[in-house]
Amino acid sequence: MSEALKNLVDKVKADNNLQKRFQECKSKEEQVELAAELGFDITVEELEQASKVSDDQLDQVAGGGCTLYVQCIF
C-alpha cells in the first residue's frame, strides 16, 4: 500500500462523513477522483491491490469483518 493510500485510510477512519462519501461511490474510479479532491494521489490499481485478501489474512478473521480497513471503506 502506498504512503498516499495509507494516509488517506487514516484520514477516512477518523471522519464518518468521508467514510460515507467513499462508500457512496459507484466505482473505484469515483473513489480515486474523490481521493484526488482531498489531495491524495492514488490509483485504481492501488485500491484493487489493497482490497485483495490473502489466505493468511482470511485466517485472521474471527466472526467476519475486514482484515484491512481499506476493504471496509472502499
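Numbers for the structure displayed
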item	result
Helices (runs of 4 or more DSSP H) enclosed by the chain - at least 1 residues per element that are at pLDDT 90 or above	3-13, 16-24, 28-37, 44-51
Hits in the range 8-37 - residues which are surrounded by 14 or more Cβ atoms within 10 Å (Cβ to Cβ) and not charged (D, E, K, R)	Leu8, Val9, Val12, Leu18, Gln19, Phe22, Cys25, Gln31, Val32, Leu34, Ala35
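The values are calculated or read from the model by the stated rules, or taken from the named source; none is laboratory data. Just so it is clear, the model here is predicted, and its values are computed rather than measured. Neighbour counts are summed over all protein chains in view; Cβ atoms, including those assigned to glycine, are modelled from backbone coordinates with ideal geometry.
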